[in-house]
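So the structure is just underneath, and the comments pick up after that.
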Amino acid sequence: GQQLNQSPQSMFIQEGEDVSMNCTSSSIFNTWLWYKQDPGEGPVLLIALYKAGELTSNGRLTAQFGITRKDSFLNISASIPSDVGIYFCAGQISNAGGTSYGKLTFGQGTILTVHP
Amino acid sequence: NAGVTQTPKFRVLKTGQSMTLLCAQDMNHEYMYWYRQDPGMGLRLIHYSVGEGTTAKGEVPDGYNVSRLKKQNFLLGLESAAPSQTSVYFCASSQGGGYTFGSGTRLTVV
């Protein structure tokens, strides 16, 4: 099956720093999604990307859908303590026949720690 | 709005015991999924359903069964729990786009 490699596995940063993380795949995806998981909770959708080359922002978060459709990047600017959590990328194949049934393939996650 | 609700939130089982995890969604979503989350391995798909009365195997289906008798509910069963099934289980639903996740069930098998 598809494999998503997410890096880095963990990050320890100071409040105010910018953060970058990325996902690469051996397969092409039609949709890339980025989720954040707070401790004890389920993942929550941050940004969805639907087109190769697309650059989308959500507040201090910016994500890009790679031109090759095999990668995606998430940047967080001016980090704050509440950015702490696990960030997951996810790829989805949305083919014309609809047989993907919306299934997502997830990366292993990036654990972000922000020191005040 | 409740979104996706999972019960129970925590459970400890002895090896060989059985249990059922319940997932309920109130968004009228067609698709529902069960994932397990283990450290360093992300979220892995166990089973999924594309509509009432349908189920299909995901990436790691062995040792689990599912049922979707009603559109809003998706049940995950463990017939004979094993320590390897110690994990956090997440249910999610969608209409084909991004998922809405429940808050998870932490299961420990001793």
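Evaluating 6.51 cos²θ - 1.76 cosθ + 1.60 at θ = phi - 60° for every residue in the range A:31-44, the Karplus couplings come out as 9, 10, 10, 10, 10, 10, 10, 7, x, x, 10, x, x, 10 Hz, glycine and proline recorded as x. Remark on B:Ile46: its backbone amide H falls under 5 Å from those of B:Trp34, B:Tyr35, B:Arg36, B:Glu59, B:Val60, a criterion applied only to residues 5 or more positions apart or on other chains, H modelled at 1.01 Å from N. Highest mobility in the GNM of chain B, judged by mean-square fluctuation with C-alpha springs under 10 Å and restricted to B:Ser80, B:Ser67, B:Ser49, is found for B:Ser80.
Taken over chain A, the alpha-carbon convex hull comes to 96 cubic angstrom per residue. Against the empirical curve 2.2 N^0.38 Å, the C-alpha radius of gyration of the protein assembly as shown lands at a ratio of 1.01. GNM on chain A, alpha-carbon springs under 10 angstrom: the most fluctuating residue among A:Phe65, A:Phe88, A:Phe12 is A:Phe12. Inter-chain neighbour count for A:104-112: the average number of beta-carbon atoms from partner chains within 10 Å of each residue's beta-carbon is 4.
Using a simple spin-label model with pseudo-atoms 7 Å out from Cα toward Cβ, B:Val12 and B:Glu59 lie 3.0 nm apart.
Within chain A, the longest run free of trypsin sites (Lys or Arg not before Pro) that sit in a DSSP loop with at most 15 other Cβ atoms within 10 Å is A:61-116. Using the Karplus relation 6.51 cos²θ - 1.76 cosθ + 1.60 with θ = phi - 60°, the per-residue 3J(HN,Hα) values for the range B:62-75 come to 4, x, 10, 9, 9, 8, 9, 6, 10, 4, 7, 10, 9, 9 Hz, with x marking Gly and Pro. Using 10 Å bins from zero, what percent of all Cα-Cα pairs in the range B:1-74 falls into each bin? Whole-percent P(r) values from 0 Å outward: 17, 48, 31, 3. Amide H of B:Gln17 versus every other amide H placed in the peptide plane: which residues, excluding those fewer than 5 positions away on the same chain, fall under 5 Å? Answer set, sorted by chain and number: B:Ala81. Scalar couplings 3J(HN,Hα) for the range B:28-45, obtained by applying the Karplus form with A = 6.51, B = -1.76, C = 1.60 to θ = phi - 60°, are 6, 6, 6, 9, 9, 9, 10, 10, 10, 10, 10, x, x, 10, x, 10, 10, 6 Hz; x denotes Gly and Pro.
Rule-based calculations on the coordinates, nothing more; no lab input. Because the structure is a prediction, the values reported are computed rather than measured. Backbone-built Cβ (ideal geometry, glycine too); neighbour counts: all protein chains shown.
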